[in-house]
Amino acid sequence: MTQVGTPKHDQIPIGEVAKPPFARLPDPLAMFARRADRLKSLAERHELRSYLAFLAELCGIQHRLQDGLADADPPAADAIARAREFGMPPLDRARFTRDAALDAAWQRLLAMADEMAMPDSARLALARVKASGAVAEAAMIGAVLSNAIPVEALAEHVFVAAVLQVHFAHLASQLDAKTLVPIGDGVCPACGSPPVSSMVVGWRGAHASRFCACSLCGTLWNYPRVKCTLCGATQGIAYQEIAGGPGTIKAETCESCRGYVKILHQQNDPLLDPLADDVATLALDLLVRDLGYRRGAVNPFLLGY
Ligand SMILES: [Zn+2]
Ligand SMILES: [Zn+2]
């Protein structure tokens, strides 16, 4: 089902002028718990039931890791100021260096994952991650941070991505949202990652505004509606959805770059989660791919795409 042009079903309530903040930093304590709950409820009566239930448990671990998380070294104030001056993200993932806080989170997450119920293939992948030496670990971290996860090792990288999400969300939550500036189309202003999806929100004071959701640190950044989140084009934007669906999740396609990113209408369904609902709508990816569009979003938890 295709819809072209301006979405018309989300008028702003009278008296509520939307003045969205440019960025909203993640609240890791709430984010991972909500995501785990969402995945658990999505798993019920879903064809990807066992995988979504596995991810729900993994996000539950991401949440439990928050208790006792080692202090990560936030960037110094002058480094943040310099990044801002040069239009760079303050937590630039391209220049990430491993530290003691990441190592501690890594060890704890793998130990907790040992207790999880999971399919044999995931269990084997977990064992491979645990048996990796420093060089292999660095390669896996590099693959996640450069969106170059090898297709034959997706299962291993799910665990590595989970650790990195915890680490970067923790760092991002300590930033001052007011210091963040736009870096470019499809780039998180906190860490430089691409979006996992975008959301039209129903927040008070920002009703019907659209935010891109970072695939790594969870920061949300304001972005105009009906504009390609990948290349910034405003012409040739259309919306695809699965026929007969609830109309709350669509693929925003762009004729200029032939890419697409999903857009979630959270103002109509507050339970929608930018990462969980992306995984659970794999059928929409397959539909849009068949139409010749390239997936522009990044989601290390998306299965077999
Ligand atoms: Zn980010
Ligand atoms: Zn585009």
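List of remarks:
- Look at the alpha carbon pairs under 8 Å that are at least 6 residues apart: their mean separation over the length of the chain gives a relative contact order of 22 percent.
- Antiparallel content of DSSP bridges confined to segment 127-277, in %, to 5: 85
- Projected label points at Val181 and Asp120, each 7 Å from Cα along the beta carbon direction, are separated by 5.6 nanometres.
- Net charge contributed by nearby residues that have their C-beta within less than 11 Å of Leu29 (K/R +1, D/E -1): 0
- Separation in nanometres of the label points that stand 7 Å from Cα toward Cβ, at Leu271 and Ser146: 4.1
- Calculated [222 nm] ellipticity per residue, helices only, for the chain: -12000 deg cm²/dmol; basis is -39500 (n - 2.57) per DSSP H run with n ≥ 4, divided by all residues, nearest 500.
- Averaging the Cα positions of each part gives two centres, and for segment 165-235 and segment 70-93 these lie 17 Å apart.
- Summary value for segment 140-283: 18 percent relative contact order, contacts being C-alpha pairs under 8 angstrom separated by 6+ residues.
- Proximal charge balance of Leu164 [Cβ under 11 Å; K/R count +1, D/E count -1]: +2
- Annotation: per residue accessible area for segment 141-289 equals 31 Å², rounded to a whole number [probe 1.4 Å, protein chains only].
- Of all stretches in the chain that contain no GluC sites (Glu not before Pro) in a DSSP loop with at most 10 other Cβ atoms within 10 Å, the longest one is 116-305.
- Fraction of the pair-distance distribution of segment 210-262 above 15 Å, Cα-Cα pairs, percent: 51
- Segment 97-167: C-alpha gyration tensor shape, a/c 1.5 cut-off, then a/b vs b/c: oblate
- Environment charge at Cys214 (Cβ cut-off 15 Å; Lys +1, Arg +1, Asp -1, Glu -1): 0
- Within the accessible area of the chain, the carbon and sulfur atoms contribute 56%, probe 1.4 Å, all protein chains present.
The values are calculated or read from the model by the stated rules, or taken from the named source; none is laboratory data. Every value quoted in this text rests on a predicted model; they were computed, and no experiment measured them. Quick reminder, even Gly has a Cβ in these numbers, built from the backbone with ideal geometry, and neighbours come from all protein chains shown. Note: accessible area is taken over every heavy atom of the protein model, side chains too, but ligands, DNA and RNA are not part of it. Shrake-Rupley method; radii C 1.70, N 1.55, O 1.52, S 1.80 Å.
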